[in-house]
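Q: Could you have a look at this structure, given as structure tokens, before my questions?
The values are calculated or read from the model by the stated rules, or taken from the named source; none is laboratory data. Not measured: the values here are computed from a predicted model. Methodologically, a virtual Cβ is constructed for each residue, glycine included, from the backbone with ideal geometry; neighbour enumeration extends over all protein chains shown. The protein model used for the area step is the full one, side chains on, heavy atoms only, and it has no ligands, DNA or RNA in it. Shrake-Rupley method; radii C 1.70, N 1.55, O 1.52, S 1.80 Å.
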Amino acid sequence: MKKFLLATFFLAASAAPLAAQQQILPLYTGTIPNAKPNKSVTETTEKRPDGGEFVRQVVQPKLLVYPAPADKANGTAVVVCPGGGYSFLSMVNEGYQVAEKLNAMGITVFVLKYRLPDDRTQPDRSIAPLLDVQQAIRMVREQAAKFNINPNRIGVAGFSAGGHLASTAGTHFAKPVGNKPGPTSVRPDFLILAYPVITFADSLTHGGSRDNLVGKNASAEQIKLYSNELQVSAQTPPTFLVHSEDDEVVPVQNSLLFYQACLHHKVPVEMHLYPKGGHGYGFYNRTTKDDWAERLRNWLDMNGWLTK
């Protein structure tokens, strides 16, 4: 776990100024689904010496809205899921800096402060993050006109365990979780997965992410359900993957498995692998002069998501 933490809050000292956040929106109005009161659990924010920010024990999930600059806005939106092993949210390198990069491409960004699995505040901890990302997609799609975005151009990006959540959103949308999901589609229009946790198989998964979401004694059915390479279908959204071959936290085979599953089901997919970089670098892999944000920009442009 120590190695995971050290890798995850790696930040780029030369990162550009962060995008201007305009709004903080509660994810739910009224009762929060799959929640139970516990006054002893409150959200905490830890400011890291390197400039990072770790958020834990989210009770009230929110969307942090970063509108695209008016002169660049193209109508595309991305819901961003920071990583942190389903135990915290790494909000700077996998949230705020992501908003800055995507805003520069004309994309409106919604950084999702989702609930982390917690038996103290959730009757079923395994579905809490998925409930929140599906509600985020639903909310952005239903309020697309308000945010000047196209309801058919809403993607989900995820980093590390946030990549697991994003890939879950991209493979579990046919039967939304929750008692009254409503008619609005929660299928993302595309996925951006950076060094994602994909599989819960023993040999390749990030154990902390799996244990935090489904527990150390998870059933074989749960392991299969949340091994997202097994849940890919022809309806899975077009996907962009990036990973480093020397990642010792989340093995690169996680991305390879998802890539192969997409190929099998004829899902459009593009993958970029770097020899070095480790884990948790966000958009700033300092081991290479290549900027994977530019590879992403090319992919988004090729698919028409940057067209005004």
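Q: Rounded to the nearest Å, what's the spacing between the alpha carbon centres of the range 75-132 and the range 148-212? Just the number, please.
A: The distance from the Cα centre of the range 75-132 to that of the range 148-212 comes to 10 Å.
Q: Return the calculated 222 nm mean residue ellipticity for the chain, to the nearest 500 deg cm²/dmol, obtained by summing -39500 (n - 2.57) across DSSP H runs with n ≥ 4 and dividing by the residue count. List each step's numbers first, then the result.
A: On the way: 8 runs with 75 residues, N = 308.
The per-residue figure over the chain is -7000 deg cm²/dmol.
Q: Considering only protein heavy atoms, what per residue accessible area in square angstrom results for the chain with a 1.4 angstrom probe? Working shown, then result.
A: Numbers: 12800 Å² over 308 residues.
Solvent-accessible surface per residue comes out at 42 Å².
Q: With a 1.4 Å probe and all protein chains kept in place, how do Ser227, Ser219 rank by accessible area, largest first? Intermediate results must be reported in sequence, preceding the final value.
A: On the way: Ser227 5, Ser219 45 Å².
Solvent-accessible surface, decreasing: Ser219, Ser227.
Q: Would you please classify the overall shape of the chain from the alpha carbon gyration tensor, given that a ≥ b ≥ c denote the square roots of the eigenvalues, rounded means a/c under 1.5, and beyond that prolate means a/b larger than b/c while oblate covers the rest? Can you show the working numbers first?
A: On the way: a/c = 1.16, a/b = 1.06, b/c = 1.10.
Rounded, since a/c falls under 1.5.
Q: Moving on to the next point. With unit charges on the beta carbons (Lys and Arg positive, Asp and Glu negative) and the dipole taken about the Cα centre of the chain, which residue among Thr76, Gly280, Ala157 sits farthest to the positive side?
A: So the residue we want is Thr76.
Q: Also, I was wondering about something else. Please list, by residue number, every one of the trypsin sites (Lys or Arg not before Pro) in the range 150-222 that is coil in DSSP and has at most 10 other beta-carbon atoms within 10 Å. List each step's numbers first, then the result.
A: Numbers: sites: Arg153, Arg210, Lys216; in loops: Arg153, Lys216.
When the trypsin sites (Lys or Arg not before Pro) of the range 150-222 are filtered for loop state and at most 10 Cβ neighbours within 10 Å, Lys216 remain.
Q: For the full complex of protein chains and a 1.4 angstrom probe, list Asp290, Asp119 by accessible area with the highest value first.
A: Working: Asp290 60, Asp119 85 Å².
Highest to lowest solvent-accessible surface, that is Asp119, Asp290.
Q: Then there is this: Rounded to the nearest Å, what's the spacing between the alpha carbon centres of the range 214-241 and the range 248-308? Just the number, please.
A: The distance from the Cα centre of the range 214-241 to that of the range 248-308 comes to 19 Å.
Q: Assuming R0 = 30 Å, what is the FRET efficiency of Ala234 and Thr184, from their Cβ-Cβ distance, to the nearest 0.05?
A: Numbers: r = 22 Å, r/R0 = 0.72.
E(calc), rounded to 0.05, equals 0.85.
Q: Cα-Cα over 25 Å: which of Lys113/Lys175; Lys62/Lys175; Lys62/Lys289; Lys39/Lys224? List each step's numbers first, then the result.
A: Working: Lys113/Lys175 23 Å; Lys62/Lys175 23 Å; Lys62/Lys289 35 Å; Lys39/Lys224 34 Å.
Over 25 Å Cα-Cα: Lys62/Lys289; Lys39/Lys224.
Q: Peptides 249-255, 107-113: what's the order by average Cβ count within 10 Å, highest mean first?
A: Values: 249-255: 23.7, 107-113: 26.7.
In decreasing order of mean packing, 249-255, 107-113 become 107-113, 249-255.
Q: If a/c stays under 1.5 just call it rounded; otherwise compare a/b with b/c (prolate if a/b is bigger, oblate if not). Do that for the range 119-270, with a ≥ b ≥ c from the square roots of the Cα gyration tensor eigenvalues.
A: Numbers: a/c = 1.81, a/b = 1.21, b/c = 1.49.
It is oblate, given that a/c is not under 1.5 and a/b is not larger than b/c.
Q: Right, next: Going toward the positive end of the dipole of the range 128-284, with +1 on Lys and Arg Cβ and -1 on Asp and Glu Cβ, which of Ala174, Gly215, Ile192 do you reach last?
A: Ala174
Q: Shifting gears a bit: Please say if the range 42-95 is rounded, prolate or oblate, where rounded means a/c under 1.5 for a ≥ b ≥ c the square roots of the C-alpha gyration tensor eigenvalues, and otherwise the choice is prolate for a/b larger than b/c and oblate otherwise? Please list the in-between numbers first.
A: Details: a/c = 2.56, a/b = 1.87, b/c = 1.37.
In terms of gyration-tensor shape, prolate.
Q: I want to verify a result. In a Gaussian network model of the chain, Cα cutoff 10 Å, which of these has the top mean-square fluctuation: His164, His272, His172?
A: His272
Q: Okay, moving on. Compute the length gained on full extension between Ala201 and Glu46: take 0.36 nm times their separation in residues and subtract their Cα-Cα distance, giving the result in nm to one decimal.
A: Values: separation 155, 0.36 × 155 = 55.80 nm, distance 3.13 nm.
Length gained, Ala201 through Glu46: 52.7 nm.
Q: Need the full-extension length gain, Ala145 to Gln260, defined as separation in residues times 0.36 nm minus the C-alpha distance. One decimal, nm.
A: 37.8 nm
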